[in-house]
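Please read the structure below before turning to the comments.
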């Protein structure tokens, strides 16, 4: 591994390999602080032993730099092998802009931008996107848009047409060029390549790009996407609001048990927790179906749920898919995303009394949780003084089924979805203060 160029803005690094072609990759955005360390496909390169030149940027200016003149000379004179250019998002722009200048045999661009010049994007309906891009734009980039003379003869763009952001940019690229192939990649969103990930998948795609048979490439990418665990997750996630019952029954179906790399679906507890939360609008309790599917697909031993007659209490799940737990040592609430085996004590309430106390189990006893000054405490003797009340939320008052808040004498319990931290003093009744309740599914036995 050798640096071929390390300038003030652009970094180029060579990774030797035994492939018959040379892959030139452009790094996606948001990684400028790691420009000398991270290159798109470098991990794949180790596994499939392709020869790779990775290009990254220290400044995040969509590779619009005078230093690219030097990079072009390096790439053109480096090897006699076929050059395949590949990149994602900002890197997708890079391969379109420079693929022809490199003398690339073929170019594969995932979800690229056409331009980030605010003057070019005047008809872009997404004002937020224009504002974000304007922070990365400078005057020397005014002529940056992808033009017909930039495009290599064999160029393909892969994008999700349901993503308005990407659809706009691809439409602009097509309008300004005359030799672009496109592949629609449904249910992938902007990170298209996540639904194609895997070293063997990428090897097959690169091999296909080395011959550039477009119908074959389209069929290959479509088949990889349709069977990919990430794409299956996104399909279910997309459909859960409109068809919660069908989506969850699909997740719990026998066919899911036979999917390759199914653990990527059934070990993603944030995803599964969000399904539990979002399915709460259904009048049918489907939490048991989800948990049984998780147990079946995650564990080789015969762990199963205990009989439903034992389900006499409820758990709290927030909009990000985490359950509310309590640390009796610290006297603090926490949100945990591994809701099957949480580290702390899950918080429950009795299914019989709305507005009743919340509690956790400690050595077989119910310990009731209450406010104690500015903090939280617990006791095995229930008293109505300062207990934390369960009540319908703003969302339930406006038509959403199964939507609750937990209110203390200081305010609402609120959860930070990133850190999992919980405060009991929020003045609002909003999304982060919102919980759905589900029957206690944390009761297992060996089959």
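Where a number appears in this text, it was derived from the coordinates with a stated rule and is not lab data. Keep in mind that what you see is a predicted model, and the values were worked out from it rather than measured. With ideal geometry, Cβ positions are generated from the backbone for all residues, glycine too; neighbour counts draw on all protein chains shown.
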Relative contact order %, the chain, counting alpha carbon pairs below 8 Å whose residues are six or more apart: 9 percent
With Cα atoms, 0 to 90° folded angle of helix 269-278 axis to the chain main axis: 60 degrees
Alpha-carbon centroid distance for the pair the range 208-258 / the range 23-99, whole angstrom: 29 Å
Helical mean residue ellipticity (222 nm; -39500 (n - 2.57) per DSSP H run of 4+; nearest 500) of the chain: -8000 deg cm²/dmol
Relative contact order, percent, the range 18-120 [alpha-carbon distance under 8 Å, six or more residues apart]: 31 percent
In degrees, nearest ten, helix 90-102 long axis to first principal axis of the chain (Cα): 10 degrees
Principal-axis tilt of helix 164-175 within the chain, Cα atoms, nearest 10 degrees: 10 degrees
Fraction of antiparallel bridges per DSSP, the range 1-112 only, in percent to nearest 5: 40 percent
Angstrom value of the Kirkwood radius, inverse mean 1/r, which spans all Cα pairs in the range 86-126: 10.9 Å
Antiparallel content of DSSP bridges confined to the chain, in %, to 5: 70 percent
nm² value of the averaged projected area, convex hull over the Cα atoms of the range 2-227: 11.2 nm²
The range 97-212: radius of gyration over Cα atoms, expressed as a fraction of 2.2 N^0.38 Å: 1.11
Protection proxy ranking of 409-416, 426-433 - average other beta-carbon atoms within 10 Å, highest first: 409-416, 426-433
